[in-house]
Amino acid sequence: MNNSCVAHRGFSSIAPENTMAAFELAMEQPQVQWIELDVQCSRDGVPVVIHDFTFNRTTDGEGLVRETNWSDIEKLDAGSWKGKSYVGERIPSLGEVLDRCCGKVRLNIELKTQGDMYPDLPAAVIHEVRKRHMQHDVVLTSFEPKALAKAKEIAPEFQTGLIIDARPGDLVDRLKQLQCSFLSIGYTNVDKSLMREMQHEEIQVMAWTVDDKTIMKRLAAIDPSLMLCTNCPDVWEKAFHETARHFFRP
């Protein structure tokens, strides 16, 4: 069994991250089983798919996402920075992404927040997912424990996961306290002992973000259940297609 391929912000090495173009391209790849994306809230409470807290890096706009109404956000160009062929690509709402991905791919939805920046974000995301009956096709993840606790309080049936780029000694205790059954962890922290520990607790592990073929193969050798998050689903395909070819060679 090959390790699940998770397209980080869509097929973001080619198309502009967190846009429908990146998600569409990812869904065209048969090896992509999951897409990871980031969600924040507009000033008027619409869950929007964008990574940075400002528009400056990935759009032709400026300022904070949380201080901008959706009607202004949807006018921004989120594709030009990646290339001429993506001019006019928009920032999508979470609802638009859910509609497009429903029944085709599973989603790792990162609640992009710090502290009390977005107190209503978990509820807004859960509302959109429930409306489409997709709660078993998504995992809600975050660096922010408060957001995960809030999500679990509102919707105990949702799978939740902590994002971390470290391996503290009390990691299992933290996950149990938050009722997380998913761990999104920087790939340099992954080894056999971590995977044994997490499997014992029935916690699914995803390693991020891996774009190198050699590292992908090394991680895959640790455990076949480890999910690999990558900006480059094409590199994943090459890594494991070659492995399969070698394995089945007469």
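The values are calculated or read from the model by the stated rules, or taken from the named source; none is laboratory data. Keep in mind the model is a prediction, meaning the values are calculated, not measured. Cβ: placed from backbone, ideal geometry, glycine included. Neighbour counts: every protein chain shown. Ligands, DNA and RNA are excluded from the accessible area calculation, which covers all protein heavy atoms including side chains. Shrake-Rupley method; radii C 1.70, N 1.55, O 1.52, S 1.80 Å.
See the values below:
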quantity	calculated
Residue selected from region 60-74 under the condition closer than 26 Å to LEU140 by Cβ and assigned to a loop (DSSP other than H, G, I, E, B), by the criterion most open to solvent (accessible area, probe 1.4 Å)	GLU74
Residue pairs meeting the criteria (Cβ under 8 Å; at least 6 apart or on separate chains; first more than 21 Å from THR141 (Cβ to Cβ) and open to solvent by 10 Å² or more (accessible area, probe 1.4 Å), in region 6-22; second small (Gly, Ala, Ser) and at pLDDT 95 or above)	ILE14/ALA22; ALA21/GLY10; ALA21/ALA15; ALA21/GLY79
Qualifying residues in region 209-223 (those that are among the aliphatic types (A, V, I, L, M) and closer than 14 Å to LYS238 by Cα) - the one most open to solvent (accessible area, probe 1.4 Å)	ILE215
Which listed residue, of LEU219, LEU178, LEU228, is closer than 20 Å to ALA22 by Cβ and touching a residue at least 24 places away in the same chain (Cβ under 8 Å)	LEU228
Checking GLN33 against (1) without any contact (Cβ under 8 Å) to a residue 40 or more places away in the chain; (2) open to solvent by 50 Å² or more (accessible area, probe 1.4 Å); (3) closer than 27 Å to LEU183 by Cα, the condition it does not meet	(1)
Hey, MET27 under 21 Å from LEU228 (Cα atoms) and open to solvent by 30 Å² or more (accessible area, probe 1.4 Å) or not	yes
Residues of region 192-208 that turn out to be more than 19 Å from the chain's Cα centre (by Cα) and either assigned to a helix (DSSP H, G or I) or surrounded by 13 or more Cβ atoms within 10 Å (Cβ to Cβ) (or both), as a count	10
Those residues of region 16-29 which are under 14 Å from ARG100 (Cβ atoms) and in a loop (DSSP other than H, G, I, E, B), in sequence order	ASN18, THR19, GLU28
